[in-house]
Structures are given as structure tokens and as C-alpha cells.
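Working notes, beginning with the structure itself.
The values are calculated or read from the model by the stated rules, or taken from the named source; none is laboratory data. Just so it is clear, the structure is predicted and the values come from calculations on it, not from any experiment. Backbone-built Cβ (ideal geometry, glycine too); neighbour counts: all protein chains shown.
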Amino acid sequence: MNVIGKATLNWDRYAEYVSNESKLSAERKPGWYSSLKGKVPEEIDDQAWSCMKRTGWDEKTECVLCVPDQYKVEDVKKHQQYLTSMNLYWDLMFYNSDAAEIRSGELVVVVPSYVIEKVMEFENVDDISVNELRNRIGAADSGSHEVTQKYDLSRNQMKNKISATQEKINKKQAELEQLEKEKKEELERFRLELEKKYQSKMDLMNEKQEELKQQMEVLNRQMFLLNTEIYSIRCFMGETVDFIPLTTGAYSKVTDPLVVYQKIRYLDEELGKWISIYDVDGDDTALFEDMLKSRPDLRDMFVPGNKCISLVRVAHNKIRYCESKQIANTLKKYYVYHANKVGILVRDGENLWIGWTDQDRIDIPDGNVFYRPETKESSIEDSKGGQRTSTKEETASRYFIFSILQGLIHTGKLLHLPEGVQISKPNPYIVLSMADGWLEDDRYGTFSSIVERTSAPLQKGDMLLTTLSIKRDDAYSDKKYRAWDNDRGRGSCNRTYDASIPNRSIEPVNLIDREKIYEIIYKKYKLIVTEESSEGKFIDGTNGAKSYTITRHTQRTQEYLGLERNEIHITNDKLDGHSIKGMTPEEVYQLYKKRYYIQDVNEQVVQPAFSNNYDSSYYTVYDHTEYVREIRHNYISAQKSDTNFRGDGKDAYANMEVFPDEYLNLTFLNSVYLLYAIQNRNIGGWVRGGQVVSYADSIPYLNKALEYIREREKDEAELLEQYMDLYDDWQVDLSEWRLAHNYHRLTDTRAQKFAREFKKK
């Protein structure tokens with residue numbers, strides 16, 4: 001349903017209406033909703049019912065008893081407070097003497113007509129042609145000439161043409177159905193003759209019907225263009241967007257060019273980036289407008305030019321909240337008030353305005369505001385030909401924004417530019433920019449490559465940033481309570497059954513186990529196995545049956561069958577309590593052989609079930625032992641939910657293993673690398689929990705890491721300043737120097753060494 005005007009809500013009347021409806025329901029009397037039957041369209045009736053809560057049924061009047069839904073009342077209150085504070089109005093969607101439908105953001109409610117006051121009711125232009133509308137506003141030469149010249153019609157005239165064409169289609173369809181009926185009645189007697197006779201008629205009728213369908217498609221396209229032209233006129237006249245002043249002051253020079261940024265900026269990404277670059281503190285900021293008023297750095301980020309226009313939206317699709325509670329609250333409230341609306345920021349010197357578009361009319365999923373300012377039928381409709389990939393609705397959305405901006409320039413109320421300047425015509429006063437206000441470079445590569453390069457083997461005490469909530473792999477299974485089960489833990493006692501590590505938490509490595517893997521290699525040879533049966537003594541009570549025994553005999557051959565490998569795992573250089581430090585693989589095997597009674601030669605008699613076939617039997621002969629590799633198991637001290645584990649009421653902890661895609665190693669990262677990743681946006685396939693992380697999703701983790709590393713670098717700077725003068729980006733040199741020397745922490749001695757090597761830089 002289209003917006004028909006603007007309105008304000010009389011809160012006192014609305015509150016009185018809510019109170020009266022509650023009294024009537026308590027007295028078991030029908031209220032306002034019961035009086036709507038037959039007085040409003042069905043869709044308005046349905047919307048009104050969605051705003052109510054059923055309380056019963058009045059058998060006397062056969063009417064439902066209900067009261068206004070309290071949750072809807074609270075939503076109305078919140079939106080009313082916001083609109084009042086910003087001097088904005090409710091969108092008026094429907095109005096008669098009984099009911100009114102109003103909208104703010106995603107909230108749509110139906111209320112009694114007497115509780116609202118119409119501020120502005122748009123003129124009904126259904127009977128006015130496009131040419132006449134353009135003549136009224138003095139824009140007869142702008143717009144789509146194909147529409148204005150070929151189809152100088154009003155909306156109702158176009159509806160009548162569509163209706164007449166549909167009647168013709170229906171008539172032809174009825175004729176086709178009659179012909180089909182006649183064909184079936186005569187088919188049995190004159191099947192061959194009638195098929196030939198009526199086939200020609202069917203072909204003719206189908207041809208006529210197809211022609212009419214094509215005409216219908218043309219008319220529908222023309223109606224779309226007509227509606228587009230009418231709404232673009234409203235955009236040009238300034239009816240669709242209310243611009244609210246945020247800051248006031250001196251204007252720039254009239255001759256200064258206007259920069260129009262064509263990339264939509266998304267608040268969930270940009271605000272997260274902003275808090276990383278700038279020192280953001282203070283109390284909770286509820287509204288984006290308030291932040292723009294109080295923070296010059298934020299204004300310079302979103303409207304970087306002295307005279308410019310930029311567009312914003314809360315999020316691409318699903319909103320991603322920042323780590324900062326301040327910013328998260330702003331995003332939550334803006335999603336309630338504006339949903340997926342596009343916001344337009346207009347700056348001229350010290351003056352800044354903001355306005356929000358109609359989300360039902362303007363939606364640009366790819367984030368490019370407009371490619372070219374045109375509304376020819378071929379450009380709006382053709383979403384497949386040439387290089388055009390947008391739908392006609394997306395193309396129309398760009399045209400509406402173009403009309404809004406052209407209207408701003410035409411009126412000169414906000415922007416001061418030389419007379420006659422148009423966006424559509426090349427001139428020195430309009431600059432279309434595809435930049436987003438941030439400088440990009442590739443000095444350090446992607447963030448993923450930085451993480452890979454700086455992720456040296458961990459040491460005890462290294463700080464990790466968890467990148468997901470870490471629990472046992474069997475956390476949601478009853479198996480975790482089994483005795484001797486210790487998933488992600490050490491030893492056999494079930495210590496980790498109730499342990500967990502929170503997401504975005506900075507934790508030190510508490511313990512590292514080094515597991516060495518050896519392979520014992522045997523040569524395999526064929527083993528011949530035969531059976532020998534022999535009778536024994538008579539068995540009592542079996543009518544003379546005798547017992548018998550089977551004896552297996554083996555014979556070793558020299559037929560070589562290949563190699564067999566058996567792994568042994570040794571943790572922290574301890575084999576059954578004995579140290580293996582300094583031992584060769586052969587010495588390790590000899591100790592293993594001694595401790596576990598291993599033989600150098602072993603026979604393997606293989607007999608498949610229910611078979612006397614022993615062809616797969618073999619024997620092994622020890623050959624040698626090889627060292628394979630070392631696996632590190634990194635543990636964090638994780639808090640257990642059972643605080644009475646030890647019976648003393650104190651918090652209990654268990655060592656819990658973490659894996660590489662569950663944390664970010666902060667040891668050799670620095671603030672320069674993190675700010676570079678935040679500003680450059682090139683995350684480059686960073687994996688978190690087995691999933692590639694998007695830029696918006698990575699922002700909370702980068703900010704958390706940046707907060708910790710900045711504090712660490714303060715201490716490092718104090719150490720270094722005793723021996724050298726610090727320079728720009730010294731943090732990079734320090735990280736790379738520590739990485740090259742495997743220095744996981746900076747000490748006083750190491751600070752002196754670094755200063756000797758870099759103080760002249």
C-alpha cells in the first residue's frame with residue numbers, strides 16, 4: 001500500500017483510547033474493533049486485528065472482545081518519542097472516518113481516526129497525466145521522453161486500458177474453451193476431420209491470445225514506468241524525504257564542487273572501524289545523529305568532503321553488532337527505527353543534514369547508488385541485456401535517489417551551487433566518486449596472511465584471543481559424564497565435563513604437552529597354518545561319542561609380503577615414567593620393548609569367521625624404528641561450572657585443549673597490523689571455527705585484539721624509550737624482530753638489544 005500523506009499521533013487521545021478499550025473489555029462490551037466490520041477494506045481489518053489481543057466473546061452482540069496489544073502499544077510509544085524528538089511524522093497509509101493506518105520504520109498499526117491529525121495529504125494524481133504534473137513543477141523537459149511523449153496518460157487511464165485488455169483476453173479465453181468443448185463432443189465421430197479443422201482455428205486463436213498477452217506485458221511495463229515517473233516527481237519535489245539539520249554554521253563557496261559518493265556505507269562495518277581508529281569513550285550514545293553532532297571525526301569519516309553527499313544503511317542484510325556496547329546500542333535502535341532504509345547525509349561547509357528514504361521504494365542490494373542518471377524504458381526495464389544486471393526495481397531505486405539529489409540541487413535550500421547545475425550533465429561542480437573515504441593499500445598483505453606468518457609455535461604464557469565459545473566436542477551428549485572420558489583434557493580423570501572458555505576472551509596458555517610420534521617398522525612374511533585333529537577318550541552320557549582336539553601348526557616362509565607400521569606416542573619425553581631425552585629411535589624402541597614385553601618376531605594367525613582358510617596369515621620381523629613428528633597440545637585453564645568440584649566453594653578449573661582455528665595468537669601481532677586490516681578491509685579468508693570470516697564479523701575480534709595489544713605496547717614503549725627514540729611504526733619492526741629471534745616477550749635485556757639495532761632508523 002502506498003503512502004497517502006503524513007500525520008501526527010495525538011498521544012493523549014491514543015492513551016485515552018487504550019484505556020477505554022480496556023474498560024469496555026472488562027465490562028464485557030464490544031469496543032472499537034467490533035465497529036470496523038464492513039467499514040474498511042479487508043486488509044485494513046486484518047492489520048487492525050494484528051494490533052489487538054482477544055479477551056473473549058460477547059454472545060449477545062456476537063462480537064469478539066479485545067484490547068490493544070500491550071507490546072504494540074509499547075512499540076507505538078517508542079516510535080512516537082523518536083519521531084517527536086526528530087520532528088518527523090508518521091507515514092499515513094489509509095484514512096477514513098473510522099480508522100487510520102500509520103507506519104514508522106517496520107511498525108504498521110491501525111488506530112481510530114480521531115487519535116491522529118493529518119499534517120499533509122498528498123494530492124490524488126490518478127486522473128492527472130505525467131505531462132501535466134511536470135508542467136506544474138516546471139520540469140517538463142526532464143524525465144523519460146518516451147513515457148511523456150508516447151504515453152501521456154494518467155494512472156486511472158492506464159488502469160482502464162489494462163482492464164479493457166484483460167476483458168478481451170478473458171473473452172478470447174472463453175471462446176477457446178467453447179471451441180475445446182465442441183471439439184471433444186465431435187471427436188469420436190469425426191476425429192481426424194475435426195482435428196484438422198479445429199487445429200487451424202486453435203492456432204489462430206492462440207496467436208491472437210499471444211498478441212494480447214504481449215500487449216498486456218507492454219501495458220504493465222508502461223504502468224511501472226508511469227508509477228516510477230510519478231514517484232520520481234515526488235522525490236524531486238522533496239515530498240519523500242525529510243532532511244533534519246544536525247549541525248549548522250558557515251556554508252562553503254558556491255563554486256566549490258559537490259562530491260557525490262556512490263558507495264553506500266554500512267554502519268555495522270564503519271562504526272566498528274571507527275572505534276578502532278579513534279578514542280571513543282563516554283556514556284551510551286543512543287542515536288547515530290547524536291554521534292554525528294558531537295564527534296567531528298565521525299562526520300569527517302562519513303562526509304569527508306567540505307561539500308558532499310553520502311549514503312548509509314544499518315547493514316548489508318543481517319545486522320552484525322560491534323563489540324562496543326555504545327555502538328551496538330546505536331545499531332539496535334537504528335534497526336528498529338529505520339530497518340533497511342537508505343540514509344542520505346548532505347554536507348555544505350559546517351552544515352550537515354540527514355534524511356531517510358522509503359524502504360518499500362528504494363532498495364540497492366549491491367551498494368552502488370547509481371551507475372548512470374537515466375530512466376529510459378530500455379534502462380529501467382532491461383535487466384538482462386548488455387552489462388545491466390540490476391532488476392527494474394533496483395534501477396528505479398537509483399533513479400529515485402537521482403531525483404532526490406537533483407531536487408536538492410534544484411531548490412538550493414540545503415546545497416549552494418551555481419544556478420542550473422544538473423547531476424545528469426557534465427560540469428565542474430559535480431564530482432561522482434566511487435571512493436568510500438578510506439585509503440587502501442596492500443603493504444602487509446591480507447589479514448589471513450599476517451596471522452599465518454606470525455603464528456609461531458606457542459609457549460606457556462602466550463596470550464590468545466578466543467574466536468568462538470569453546471566447549472567439549474561431546475558437550476551436548478550424555479557421553480561426557482562417562483568415567484575416564486576427558487575430552488580436550490589431560491589424563492584419564494573426567495575433569496573437563498563441565499568446563500568451557502567464553503568467546504572473545506583473552507587467555508594465557510597454561511600448559512603445553514609435546515607428543516612425539518614414532519613408527520616401529522616390521523617386515524611381513526607369509527605364514528603357513530595347518531590343522532591336525534585327534535580323537536580323545538569317550539565322553540560320559542553321549543552314547544559312545546568321543547572327544548577330539550585340533551592342533552594348529554605354523555610354518556614360517558621367506559615369502560615377503562611388505563611392511564607393517566605401528567605407531568607409539570610419547571608425551572613430554574616420558575615413556576611409562578622413564579625419560580627418553582637424548583635417545584635415538586632405536587633406543588626408544590628398546591625401552592618400549594622392555595617395558596611392554598614386545599617381541600621382535602610375532603606370528604599372526606588370521607582365520608576368517610566360519611572358515612578354515614588361513615591364507616592371510618603372516619609373521620612379522622622387527623626391522624627398525626623411525627621418528628615421525630611432534631604434535632603440540634595447547635591448554636587453557638578453563639573455568640568449570642561446578643564450583644563445588646573441590647568441596648570448598650571456590651571456583652574450579654581444568655586444563656582444556658584449544659585448536660588453531662579457535663583462537664588468534666596475539667604474541668607477534670601489533671597495533672599497526674590490526675589497524676591496517678581494519679582500514680584495508682582485506683581479511684583474505686581468515687578461518688574461525690572452520691568457517692571463513694567476513695569483514696563485518698571480524699571487526700569485534702580485531703577490536704578486542706587491538707585493545708589488548710595497545711596496552712601491551714604501552715609497556716613495551718616504556719622499556720624501549722630508556723634506550724632509544726621511538727619512530728613511526730616501530731611496533732612492526734619490534735614484532736618482526738621478536739619473531740625472527742623467537743622472543744615471545746620483551747624484557748629489559750632484549751629492549752637494549754633491539755635499541756642497538758634500530759635506534760638509528
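With respect to Asp279, is the statement that it is at pLDDT below 85, surrounded by fewer than 21 Cβ atoms within 10 Å (Cβ to Cβ) and not in a helix (DSSP H, G or I) true?
Yes, satisfied.
Take the residues in the stretch 67-126 that are outside any helix (DSSP H, G or I) and of a type in the set (Phe, Trp, Tyr); name whichever of them is surrounded by the most Cβ atoms within 10 Å (Cβ to Cβ).
Result: Trp90.
Are any of the residues in the stretch 92-109 of a type in the set (Asp, Glu) and out of contact with any strand residue (DSSP E or B) (no Cβ under 6 Å at 6 or more places or on another chain)?
Yes, that holds for at least one residue.
Hey, could you check the stretch 460-478 for residues that are among the polar types (S, T, N, Q) and under 16 Å from Ile501 (Cβ atoms) and say which is farthest from the chain's Cα centre (by Cα)?
Looking at the filtered set, the residue picked out is Thr466.
Residues are listed down the side, and each one gets a yes or a no for (1) of a type in the set (S, T, N, Q); (2) surrounded by fewer than 17 Cβ atoms within 10 Å (Cβ to Cβ); (3) closer than 30 Å to Ser694 by Cβ:
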residue: Glu217; (1), (2), (3): no, yes, no
residue: Leu225; (1), (2), (3): no, no, no
residue: Thr228; (1), (2), (3): yes, no, no
residue: Ile233; (1), (2), (3): no, no, no
residue: Leu246; (1), (2), (3): no, no, no
residue: Ala250; (1), (2), (3): no, yes, no
residue: Thr255; (1), (2), (3): yes, yes, no
residue: Leu258; (1), (2), (3): no, no, no
residue: Ile264; (1), (2), (3): no, no, yes
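Determine whether Glu239 is of a type outside the set (Val, Ile, Thr), crowded, with 16+ Cβ neighbours inside 10 Å, closer than 27 Å to Val369 by Cα and at pLDDT 80 or above.
Yes; evaluated as a whole, the condition is true for this residue.
I'm checking my understanding of the structure. Among residues of the stretch 85-114 that are more than 32 Å from the chain's Cα centre (by Cα) and without any contact (Cβ under 8 Å) to a residue 24 or more places away in the chain, which one is farthest from Val342 (Cα to Cα)?
Ranking the qualifying residues of the stretch 85-114, first place goes to Ser97.
Kindly indicate whether Lys581 is loosely packed, with under 13 Cβ neighbours inside 10 Å and modelled with pLDDT of 85 or more.
yes
Sort out which residues of the stretch 737-757 are among the basic types (Lys, Arg) and touching a residue at least 60 places away in the same chain (Cβ under 8 Å), and write them in order of number.
The answer is Arg738, Arg745.
Is it true that Glu289 is modelled with pLDDT of 75 or more, surrounded by 15 or more Cβ atoms within 10 Å (Cβ to Cβ), acidic (Asp, Glu) and in a helix (DSSP H, G or I)?
Answer is yes for this residue.
So Asp478 fits all but one of (1) surrounded by 13 or more Cβ atoms within 10 Å (Cβ to Cβ); (2) without any contact (Cβ under 8 Å) to a residue 12 or more places away in the chain; (3) of a type in the set (D, E, K, R); what number is the exception?
Every listed condition holds for Asp478 apart from (1).
What single numbered condition from (1) of a type in the set (Ser, Thr, Tyr); (2) part of a strand (DSSP E or B); (3) modelled with pLDDT under 95 fails to hold for Thr620?
Here Thr620 clears every test but (3).
May I ask you to list the residues in the stretch 564-608 that are in a loop (DSSP other than H, G, I, E, B) and over 55 Å from the mean Cα position of the chain (by Cα)?
Correct list: Tyr597, Ile598, Gln599, Asp600, Val605, Val606, Gln607, Pro608.
Filter the stretch 468-495 down to the residues that are aliphatic (A, V, I, L, M) and either in a loop (DSSP other than H, G, I, E, B) or within 16 Å of Leu511 (Cα to Cα) (or both) and list them by number.
Leu468, Ala475, Ala483, listed by residue number.
For every residue, the table says whether it meets (1) modelled with pLDDT under 70; (2) outside the structural domain of Asp45 (by TED's automatic domain parsing); (3) within 28 Å of Pro41 (Cβ to Cβ).
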site	(1), (2), (3)
Leu88	no, no, yes
Asn96	no, no, yes
Ile116	no, no, yes
Asn160	no, yes, yes
Leu176	no, yes, no
Glu180	no, yes, no
Leu194	yes, yes, no
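Taking Trp57 as meeting all but one of (1) within 29 Å of Arg234 (Cβ to Cβ); (2) surrounded by fewer than 17 Cβ atoms within 10 Å (Cβ to Cβ), write down the number of the exception.
All conditions pass for Trp57, except number (1).
What single numbered condition from (1) closer than 27 Å to Lys293 by Cβ; (2) without any contact (Cβ under 8 Å) to a residue 12 or more places away in the chain fails to hold for Asp203?
Among (1) closer than 27 Å to Lys293 by Cβ; (2) without any contact (Cβ under 8 Å) to a residue 12 or more places away in the chain, the lone unmet condition for Asp203 is (1).
Evaluate the following for Leu465: is it assigned to a strand (DSSP E or B), in contact (Cβ under 8 Å) with a residue 12 or more places away in the chain and in contact with a Ser or Thr (Cβ under 8 Å, 6 or more places away or on another chain)?
Yes.
Within the bounds of the stretch 9-16, is there any residue that is crowded, with 17+ Cβ neighbours inside 10 Å, of a type in the set (D, E, K, R) and closer than 20 Å to Tyr114 by Cα?
Within the stretch 9-16, not a single residue is crowded, with 17+ Cβ neighbours inside 10 Å, of a type in the set (D, E, K, R) and closer than 20 Å to Tyr114 by Cα.
Would you say Ile364 is modelled with pLDDT of 80 or more and under 26 Å from the mean Cα position of the chain (by Cα)?
No; evaluated as a whole, the condition is false for this residue.
Return the residues of the stretch 20-66 that are assigned to a helix (DSSP H, G or I), among the aliphatic types (A, V, I, L, M) and closer than 23 Å to Leu107 by Cα; say none if nothing qualifies.
Leu36, Ile44, Ala48
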